[in-house]
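Data first, discussion second: the structure below is written as structure tokens.
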Amino acid sequence: MRQFFTLFILVNCVIGVLNYVPVDTEAEEFLPPPRVSYNLGGNVGVKGGVKGGVKGGVKGGVKGGVKGRVQAGAKPPPIRLTNLGYTPPYSTFITSSGGCQNPPTPPGNGTVDCSRLGICRATCFPNYEFPNGNSQLFVNCMNGRWEVQSSEWNRLPNCGPVCSPPCQNDGICFAPNQCFCSDKFSGPQCQYENKPCLNYPPGPKNARRTCGPNTCTIACLDGHIFPHGNGIERMECKDGNWVPTNPQLVTIPDCKPTCNPPCENGGICLSLNVCHCPEKFRGLQCQYSVDVCNLRNTGFNGNYNCSGDLVSSTCVISCPQGSKFNSPSSPSYTCQYSTGLFEPLPLPQCVFAERYVSLKRNFNHSLAYTFDKVSDFEETVDKGVENIFNKVVNGAFGYHTIDVKLPQPGSCFTWKGSHYKTFDGRVYSFNSICSHTLVRDNVDNTFDIVVTNSPECENNPETCSRIITIFYQGKEFKLKRTEGGVIFLNGKKKAPIPSQFPGFRITMLAHYVYVFLDYVQLTLKWDGQTVIQVEATESLWSKTAGLCGRLDGIPENDLDTKTGIKTTAISTFASSWQANSIDHICEMTPNDQHTCDDTNVKTSQGYQAKKFCENILNDKRFANCESKVSAAILLEACKWDYCSCESINPIDCVCDTLNVYVRECSHKGVTSLIGWRDPNICPLKCTGGKIYMTCAPTGGQETCGASVNVVKEGEDCEEGCYCPLGTVLHEGNCITREQCPCRLRGRDFSPESVVPKDCNSCKCIAGQWTCTQISCGSRCSALGDPHYTTFDGKHFDFMGQCSYYLVKTNTFTIEGENVACTGAISLALNLPISLSSGLPSCTKTVTIVMDGQRIKLKQHQEIAINGKEITRLPQKIANIHIRQVSSIFIVVELPNGVSVWWDGTSRVYIDMPATHKGLTKGLCGTFNENQKDDFLTPENDVEKSVIAFANKWKLDEKCNDVPDNIKSHPCDTNVINRAIAEKYCKRLKAERDIFQ
Ligand SMILES: [Ca+2]
Ligand SMILES: [Ca+2]
């Protein structure tokens, strides 16, 4: 850095010296003999002077000052990059045609060369420019005076350094591409807040998260809102933590789907426009009472057996034994909830020989009514519809059953590369090397999940795994296993796990990969090998298709082919769901030939398999499962595993089938058998100090970093290998929290490392940076056309044209003198004529009063101390140091640590140390980390309006207050400029990602 800086300055001086050399005289206007150009070091001996002066100054400055201050907050020592006391080489100048005796004074950081016609050209050094953004200006000699062409400048302004990209957050561009940051910010462009938020906040479900370094916007996806009704919320980084800007929120909740029209009668909006109705209501919005289609209300007096869904109910009617219809009957009668009418009409009636009464009973999901003959009445037992049904039929009694299939969640599996269990409980097996649609949304086509066996499956079942492709929201995601572990592809690009996209989350729990398709409420769990579990909520009821079948409570339709044909042939069904791509068609017919031979012959392998599987599936450890899921459905799959097993111990081959059995039971709510594994049966081997647990530790596996945890509460029970209590996971091993390294901007730091951060220091303790909490100083600025930023960061514009207290304390004051931005200042700021004609005001001088000393900083860096002009810098008076800190800025350092930066034109910055908290008033506000009281007046009232506040801080009562009619923002009074202003200003405000 030091070398670079020295070199840089030398290069600039060399450029200046080169310009000094007279050039070829043959060309036209600009080449008077002798042609000379003047550089800044005019009064310094060319060789030795440049070397000694510049080098020495820069050295000290860079080491202790500029660099040190930028990084660690030290104060800049005196450096003099330029010599503004110009002594022109008169002897070489030829009197110009306008009557000027001397050449014009060259600008700071620039040169001048002249033609014989009395026209001179001022050129800025590279990486410098004039205040109007040009790098050249022309100067004419008129009536013995030099005038800057097409301007009101009465002398050449200095060239200022250019920082590109520009300094942010009130950083001062004090040398080319060198920003001097205030205490609160750091980075090359002062773009980093000093206590940055190291990770982005977790994104809620069904939301899109957009983050900059200091703010995040969280917008619900279309058709979703936050529970409190908004569709968008913001978070900001406050002292390293993400905090919602909405004061009513502590965290940002998940976005909930909306239903339009809304669900009625207590129905819950389950997913976009899907209502989940209470038991007594039907209809897409739960708007109808279930009684609307109660056949009993029609007065029908016989047996009926109804089934239906949210939209309609269809009943088959019959007459109890000993009675008959009074007119011909239809096979079934259907009632739409929207009309409440059974059709066809009319319904017949039963004609009874004897008198019957009816009894009504309620069951879990169905209703059953019995007609009992009065004399034969007996108490029936609530054991479900079937028992009652049999009893009443056998006893020649009447019945009513209403069997309504209300939406329910479901769980589908595939495992061992050949077994499948549908949502509705069908289990079947086949082998295929082709890709198949495991499950898809057959109604809205929102997703499609395709599975393929990896090439190893054919010859090496040990390393067989599935390749999963998910088509969702116009994107393709792929999951597959490689030697290095599971990889996740977003399109063609490898993406990390965990990751989160709108409506899509992926994470790992132990060795399981979890994929959440939040938008359609589908969860996919993969053990990284062949076990895949697909969990669908009620919102996918009647919508799914593929090898998982249609989730509708009807197992009989689960083997329907893609074109809807009923079949019992697994190979026909499976081949219909082959997922062929345009460029690859798989022509193999799925093989559903069972691996076992005849089961009936006692010596056969099939017989052995049956015995083994019945035994293991009926083991007492699974006893609690039997009531929810019959083990019998997995018998054939287990036999298949046994007969194709190449391991010495057949139990090794049926572990996945047992795992599926337990997971299905767990999905149905049986949690008591989650810890089914033991050292003899299907143990999980753990490495890296991990131990087997049936559920992840609360909140998921802790890791060293504050990892992006995309698992929500209730989604985190997964068996596997986890770090024991008191340890955390780091690169595959369990270590104590104290051993964790810390990360900062992509780099690891070992425990106990210390890094400086602004005026504080941070130490790596247990994987977290712990920073000292020294409060830091702050910077107030008054820039050009009147933009003010207070110490507490409040921005305001004020057009007053008097002198005002920028800072007033009990021990010193800093005053700013504002004038109309006309003439030189206006031009310096490159203001359009339309503006400079009236409204804006600019700082013209800054005056610091302390300990009886009065230091006035004026235009062109002229300085007066107690009314006396000074010509040389640095100066020291009553412990107040005044020095040139760069080619542009003068800084005044007060003994109490306050420093004032002035650019000699219109920009003033005031750095206030933390020791002055609570002590300041004036246009720079009350420095107390509270913006709300920044408009404090001398009378200790807090004003609401800028003008009322600022007018009260003027020094001279006689100076006119800003009239009320200037209250409006210039963009409001000049609407034609608004769009272009916003375009340019947006660049300054553009947020940059600190992790990019
Ligand atoms: Ca089904
Ligand atoms: Ca304040």
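Under 6 Å between Cβ atoms, at least 6 apart or on separate chains: pull out the pairs that start in region 410-425 with a residue that is at positive phi and end on any residue that is more than 16 Å from ligand 2 (Cβ to nearest atom).
Lys416/Thr530; Lys416/Asp656; Gly417/Asn453; Gly417/Cys457; Gly417/Cys464; Gly417/Thr530; Gly425/Pro555
Please state which of the following conditions Arg872 fails to meet, knowing it meets all the rest: (1) within 14 Å of ligand 2 (Cβ to nearest atom); (2) touching a residue at least 40 places away in the same chain (Cβ under 8 Å).
(1)
Specify which of the listed residues (Thr563, Thr530, Thr544) is more than 16 Å from ligand 2 (Cβ to nearest atom), free of Cβ contacts under 8 Å to residues at least 60 places away in the same chain, more than 23 Å from Cys255 (Cα to Cα) and not hydrophobic (A, V, I, L, M, F, W, C).
Result: Thr563 is the single residue among Thr563, Thr530, Thr544 that is more than 16 Å from ligand 2 (Cβ to nearest atom), free of Cβ contacts under 8 Å to residues at least 60 places away in the same chain, more than 23 Å from Cys255 (Cα to Cα) and not hydrophobic (A, V, I, L, M, F, W, C).
Just checking, how many residues over region 204-220 are in a loop (DSSP other than H, G, I, E, B) and among the small types (Gly, Ala, Ser)?
1
Of the residues that sit in region 131-152 and are surrounded by 18 or more Cβ atoms within 10 Å (Cβ to Cβ) and either free of Cβ contacts under 8 Å to residues at least 60 places away in the same chain or in contact with a Leu (Cβ under 6 Å, 6 or more places away or on another chain) (or both), which one is farthest from Pro188 (Cα to Cα)? First the steps, then the outcome.
The initial filter retains those residues of region 131-152 that are surrounded by 18 or more Cβ atoms within 10 Å (Cβ to Cβ), namely 131, 137, 139-141, 146-148, 151.
Right, trim to either free of Cβ contacts under 8 Å to residues at least 60 places away in the same chain or in contact with a Leu (Cβ under 6 Å, 6 or more places away or on another chain) (or both) and you get 137, 139-141, 146-148, 151.
Details: Leu137: 30, Val139: 36, Asn140: 40, Cys141: 42, Trp146: 39, Glu147: 38, Val148: 35, Ser151: 34 Å.
Here the answer is Cys141.
How about region 576-596: which of its residues are under 20 Å from Glu556 (Cβ atoms) and not in a loop (DSSP other than H, G, I, E, B)?
Let us first name the residues in region 576-596 that are under 20 Å from Glu556 (Cβ atoms), namely 576-577, 592.
Listed by number, the list holds a single entry, Ser576.
In the set Ser906, Ser899, which member is small (Gly, Ala, Ser), modelled with pLDDT under 90 and either under 21 Å from Leu783 (Cα atoms) or touching a Lys or Arg at 6+ places or on another chain (Cβ under 8 Å) (or both)?
Numbers: Ser899 fails: modelled with pLDDT under 90.
Step by step, each of Ser906, Ser899 is checked, and only Ser906 is small (Gly, Ala, Ser), modelled with pLDDT under 90 and either under 21 Å from Leu783 (Cα atoms) or touching a Lys or Arg at 6+ places or on another chain (Cβ under 8 Å) (or both).
Under 9 Å by Cβ, and 6 or more places apart or on different chains, what pairs join a residue from region 682-705 that is of a type in the set (Asp, Glu) with one that is in a loop (DSSP other than H, G, I, E, B)?
Short answer, once both residue conditions are applied: Glu702/Cys723.
Mind checking whether some residue in region 859-872 is touching a strand residue (DSSP E or B) at 6+ places or on another chain (Cβ under 6 Å) and of a type in the set (Asp, Glu)?
Just the residues of region 859-872 that are touching a strand residue (DSSP E or B) at 6+ places or on another chain (Cβ under 6 Å), to begin with: 861, 863-866, 870.
Now drop any that are not of a type in the set (Asp, Glu), which leaves none.
Scanning region 859-872, I find no residue that is touching a strand residue (DSSP E or B) at 6+ places or on another chain (Cβ under 6 Å) and of a type in the set (Asp, Glu), so the answer is no.
Which residue, of Glu636, Glu646, is out of contact with any strand residue (DSSP E or B) (no Cβ under 6 Å at 6 or more places or on another chain), in a helix (DSSP H, G or I), of a type outside the set (S, T, N, Q) and away from ligand 2 (no atom under 16 Å from the Cβ)? Steps first, please.
On the way: Glu646 fails: in a helix (DSSP H, G or I).
None of the others qualify; the one that does is Glu636.
Answer yes or no: is there a residue in region 773-782 that is within 30 Å of Thr736 (Cα to Cα) and away from ligand 1 (no atom under 16 Å from the Cβ). It would help to see each step written out before you state the result.
Pass one, region 773-782, residues within 30 Å of Thr736 (Cα to Cα): 773-774.
Then keep just the ones that are away from ligand 1 (no atom under 16 Å from the Cβ); that gives 773-774.
Yes, region 773-782 contains a residue that is within 30 Å of Thr736 (Cα to Cα) and away from ligand 1 (no atom under 16 Å from the Cβ).
Could you tell me whether any residue of region 898-905 is away from ligand 1 (no atom under 16 Å from the Cβ), more than 22 Å from Phe796 (Cα to Cα) and not small (Gly, Ala, Ser)?
Checking region 898-905: at least one residue is away from ligand 1 (no atom under 16 Å from the Cβ), more than 22 Å from Phe796 (Cα to Cα) and not small (Gly, Ala, Ser).
From the list Arg208, Arg116, exactly one residue is out of contact with any Lys or Arg (no Cβ under 6 Å at 6 or more places or on another chain), modelled with pLDDT of 80 or more and surrounded by fewer than 22 Cβ atoms within 10 Å (Cβ to Cβ). Which is it? Don't jump to the end; show me each part of the working.
Numbers: Arg116 fails: modelled with pLDDT of 80 or more.
Criteria check complete, one pass: Arg208.
Return the residue satisfying two criteria in turn: it lies in region 619-670 and is of a type in the set (Val, Ile, Thr) and in contact (Cβ under 8 Å) with a residue 12 or more places away in the chain, and of such residues it is farthest from Gln608 (Cα to Cα). I'd like the intermediate steps shown before the answer.
In the first step, residues of region 619-670 are kept if they are of a type in the set (Val, Ile, Thr); the result is 629, 633, 648, 651, 654, 657, 660, 662, 670.
If we keep only those that are in contact (Cβ under 8 Å) with a residue 12 or more places away in the chain as well, we get 629, 633, 651, 654, 657, 660, 662, 670.
On the way: Val629: 24, Ile633: 18, Ile651: 13, Val654: 14, Thr657: 17, Val660: 22, Val662: 23, Val670: 30 Å.
Checking each candidate, the answer is Val670.
Take region 541-553 and flag every residue that is closer than 19 Å to His419 by Cα and either part of a loop (DSSP other than H, G, I, E, B) or near ligand 1 (Cβ under 6 Å from one of its atoms) (or both). Walk me through how you get there before you give the answer.
Of region 541-553, the ones closer than 19 Å to His419 by Cα are 544-551.
Hits for region 541-553 are Gly546, Leu547, Cys548, Gly549, Arg550, Leu551.
Could you grab the pairs with beta carbons closer than 8 Å, sequence gap of 6+ or different chains, first residue in region 547-558 and in contact (Cβ under 8 Å) with a residue 12 or more places away in the chain and of a type in the set (Lys, Arg), second one near ligand 1 (Cβ under 6 Å from one of its atoms) and part of a loop (DSSP other than H, G, I, E, B)?
Going by the 8 Å Cβ cut-off, the qualifying pairs are Arg550/Asp424; Arg550/Asp558.
Of everything in region 909-945 that's surrounded by fewer than 21 Cβ atoms within 10 Å (Cβ to Cβ) and away from ligand 2 (no atom under 15 Å from the Cβ), which residue is farthest from Phe180 (Cα to Cα)?
Glu939
For region 723-813, which strands (runs of 3 or more DSSP E) that fit wholly inside it have 1 or more residues that are within 15 Å of Cys924 (Cβ to Cβ), free of Cβ contacts under 8 Å to residues at least 60 places away in the same chain and within 16 Å of ligand 2 (Cβ to nearest atom)? Full working, then the answer.
Values: elements: 727-730, 733-736, 742-744, 747-749, 754-757, 760-765, 768-771, 778-783, 787-789, 795-797, 803-808.
Correct list: 795-797.
Can you confirm whether Gln321 is away from ligand 2 (no atom under 16 Å from the Cβ) and modelled with pLDDT under 85?
The answer is yes for Gln321.
From the list Glu538, Glu556, pick out the single residue that is within 16 Å of ligand 1 (Cβ to nearest atom), of a type outside the set (A, V, I, L, M, F, W, C), assigned by TED's automatic domain parsing to the domain that holds Ile468 and within 17 Å of His667 (Cα to Cα).
Numbers: Glu556 fails: within 17 Å of His667 (Cα to Cα).
Step by step, each of Glu538, Glu556 is checked, and only Glu538 is within 16 Å of ligand 1 (Cβ to nearest atom), of a type outside the set (A, V, I, L, M, F, W, C), assigned by TED's automatic domain parsing to the domain that holds Ile468 and within 17 Å of His667 (Cα to Cα).
Looking only at region 547-563, count every residue that is farther than 20 Å from Thr414 by Cβ and out of contact with any strand residue (DSSP E or B) (no Cβ under 9 Å at 6 or more places or on another chain) and tell me the total.
Qualifying residue count for the region: 3.
For region 947-965, which residues satisfy the criterion of being at pLDDT 90 or above and touching a strand residue (DSSP E or B) at 6+ places or on another chain (Cβ under 7 Å)?
Result: Ala950, Trp953, Lys954, Leu955.
When region 304-319 is examined, which residues are found to be β-branched (Val, Ile, Thr) and in a strand (DSSP E or B)? Steps first, please.
Taking region 304-319 as the starting set, the residues that turn out to be β-branched (Val, Ile, Thr) are 311, 314, 316-317.
Passing the criteria: Thr314, Val316, Ile317.
The values are calculated or read from the model by the stated rules, or taken from the named source; none is laboratory data. All of these numbers come straight from a predicted model, not from anything done at the bench. Using ideal geometry, Cβ is built from the backbone for each residue, glycine included, and neighbour counts are taken over all protein chains shown.
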